[in-house]
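Inspection log for the structure reproduced underneath, given as structure tokens.
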Amino acid sequence: MSKKYEDDSWQERMKIKLDINNMFAKKIGGEHGYTPKDINNMQSQANDAHQAILAAKEKERLGFMELPETHQKIAAEIKKYVQANYQNYDNFVVLGIGGSALGNIALQTALNHPYYNLNEQVRDGYPRLFVPDNVDPVRLNGLLETLDLEKTLFNVISKSGGTAETMSQFLTARNLIAEKLGAEAVAEHFIATTSQDSGNLIKIAKQEGIKTYYIPENVGGRFSVLSPVGLVSAAFTGVDIEELLAGARYMAQLCDTEDLWANPAYLNATLHYLADQDGKPMSVMMPYSHSLKDIADWYRQLWAESLGKKVTREGEVVHVGPTPIKALGATDQHSQAQLYMEGPFDKVVTFLEVEEFKEQLEIGSGYDEIAGVSYLGGTTFNQLITTEKKATELALTKKERLNCTVIFPEINEFTMGQFIYMYELQTAFAGELYNIDAFNQPGVELGKEYTYGVLGREGFSEMKDEFDGRPSKDGNLII
């Protein structure tokens with residue numbers, strides 16, 4: 001029997017939609033809104049960008065575009081491994097940071113029960129998931145002293161095996177396992193997700209006999225959630241990773257055109273690019289679903305690290321890049337919306353809306369004599385959060401603030417796969433519009449190199465000297 005995501009009518013029902021009405025002058029007025037002509041004027045540039053993306057894909061430089069097809073077999077292998085092993089563990093811990101963590105967190109939040117770790121019944125035998133995506137000593141120590149290490153599987157994720165944060169986590173966890181359970185137990189309690197052919201982690205994995213999954217060389221960290229980087233932890237919590245990839249394949253088909261009006265990834269990138277050029281560099285993502293809260297965090301890295309660049313491909317200094325901001329509806333109606341409504345005209349707000357929530361919850365009735373409270377009774381929280389989204393959207397539009405909406409028919413693996421692929425492609429396309437390399441991160445490296453030098457990594461002694469010789473601070477300016 002065919003799986004549901006292979007049914008054309010089901011795919012059409014589960015298609016996520018991009019509503020850009022409120023980006024246009026017809027809705028918000030001519031001072032800040034755009035016209036169809038503005039989009040049409042970008043078509044020639046879009047054609048060039050599309051051809052550049054196709055050429056880069058043909059040269060196997062854009063590995064994220066290959067994952068929905070190439071990783072079908074790998075996803076099946078991961079599922080087989082998980083089914084044979086998940087009941088041996090109570091805890092699954094991802095050791096990684098940035099692109100090795102944010103996608104994992106986003107998938108868990110979106111696709112599993114909101115209290116998955118606390119509810120043994122909904123886990124149905126799958127292990128709890130922990131992603132200590134930092135090196136704060138209090139937080140990490142708190143986790144390690146809480147877990148039953150004998151029932152814990154760690155997945156250390158680093159392409160190079162040189163990421164200081166990740167490898168420090170690994171060294172600490174590995175030593176604890178060896179100390180408490182014996183060195184021979186390391187192989188049973190670790191998975192390594194890394195480069196197949198180079199780097200420190202693959203050497204360690206081979207030396208220790210650790211189960212290994214590979215990150216394609218042409219897939220950068222922030223574009224890697226649909227590779228084993230994200231698929232392994234998702235499968236260990238019961239997520240259907242084959243359906244996730246199917247959603248990405250579906251979106252890839254929808255975006256297989258240079259026509260701006262037919263390609264949601266290209267069109268959204270173009271509108272955000274135009275807004276940035278017009279002095280609106282702030283890009284707010286505001287889900288009206290707690291399940292989508294952490295996909296906004298994933299988006300922040302994707303957009304910021306890819307598009308915030310000093311130079312063009314030709315080396316011209318430009319200092320470009322929109323600033324991504326995460327918000328949450330309805331929570332941030334009570335903390336951020338005032339700024340969005342009446343502050344500077346420097347933002348584009350992207351709402352994430354869900355048509356059908358996984359649950360329906362009725363609001364309790366009572367206090368009939370108090371009109372300001374009793375009106376809520378008999379309605380549902382579903383109606384409340386959806387109405388608040390539409391009301392905030394209307395208010396922003398009335399205030400002539402650019403906003404758009406990505407609509408999820410429901411939140412499932414298929415729709416999440418679509419969203420992830422759409423935004424990854426949107427980012428690559430935006431990089432072409434800015435004429436920058438969207439796949440490097442030179443601005444991140446300098447801080448890393450100072451850290452390497454101070455901590456004594458070979459080859460970085462000059463960075464230590466520079467760090468040690470930095471100008472002293474004026475004590476009068478520390479009050």
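What to note about this one:
- 15 Å reach of a label modelled at SER198, 7 Å along Cα-to-Cβ, counting backbone N of segment 145-173: 159-163
- Other residues within the sphere of radius under 13 Å centred on the Cβ of PRO114, judged by their own Cβ, net out at +1 (K and R +1, D and E -1).
- The magnitude of the dipole of the chain, with charges of +1 and -1 set on the Cβ of Lys/Arg and Asp/Glu and taken from the Cα centre, is near 200 debye.
- When peptides 73-84, 419-430 are ranked by their average number of other Cβ atoms within 10 Å per residue, the highest-first order is 419-430, 73-84.
- Spin-label proximity, LYS3 to segment 234-265 - amide N less than 16 Å from point 7 Å beyond Cα toward beta carbon: 234-252
- Reach of LYS399 by Cα under 17 Å, taken over aspartates and glutamates that are not fewer than 8 positions away in the same chain: GLU31, GLU342, ASP346, GLU388
- Under 19 Å from LYS203, Cα to Cα: aspartates and glutamates that are on another chain or at least 8 residues apart: GLU165, GLU184, GLU188, GLU217, GLU458
- Pairs from the table (LYS79/LYS151; LYS4/LYS390; LYS37/LYS57; LYS4/LYS57; LYS59/LYS280; LYS79/LYS326) lying more than 27 angstrom apart at Cα are LYS4/LYS390; LYS37/LYS57; LYS4/LYS57; LYS59/LYS280; LYS79/LYS326.
- 222 nm mean residue ellipticity, helices alone, for the chain (DSSP H n ≥ 4; -39,500 (n - 2.57); rounded to 500): -14000 deg cm²/dmol
- The calculated FRET efficiency for LEU455 paired with LYS206, based on their beta-carbon distance and R0 = 22 Å, is about 0.30.
- Relative contact order %, the chain, counting alpha carbon pairs below 8 Å whose residues are six or more apart: 21 percent
- Potential extension, GLN338-ASP124 segment - 0.36 nm per residue separation minus Cα distance: 72.7 nm
- Sorted by Cβ neighbour density within 10 Å, fewest at the top, the residues LYS347, LYS180, LYS464, LYS310: LYS180, LYS310, LYS464, LYS347
- Of all aspartates and glutamates in the structure, the ones whose alpha carbon falls short of 16 Å from that of LYS309, not counting any fewer than 8 places away in one chain, are ASP276, GLU432, ASP437, GLU445.
- Rough spin-label spacing in nm, given labels placed 7 Å along Cα→Cβ, for PHE345 and ASP368: 5.0 nm
- Long-range HN-HN contacts of ILE325 with modeled amide H, under 5 Å: SER283, VAL284, MET285
- Distance (nanometres) between label positions extended 7 Å along Cα→Cβ at LYS79 and ASP259: 3.4 nm
- Each of ASP474 and LEU171 was given a label point 7 Å from its Cα along the Cα-to-Cβ line. The distance between the two points is 3.8 nm.
- Taking the convex hull of the alpha carbon positions in the chain and averaging its projected area over all directions gives 28.3 nm².
Just so you know, all these numbers are worked out from the coordinates, no wet-lab data involved. All of these numbers come straight from a predicted model, not from anything done at the bench. All Cβ positions, glycine included, derive from the backbone under ideal geometry; neighbour counts span all protein chains shown.
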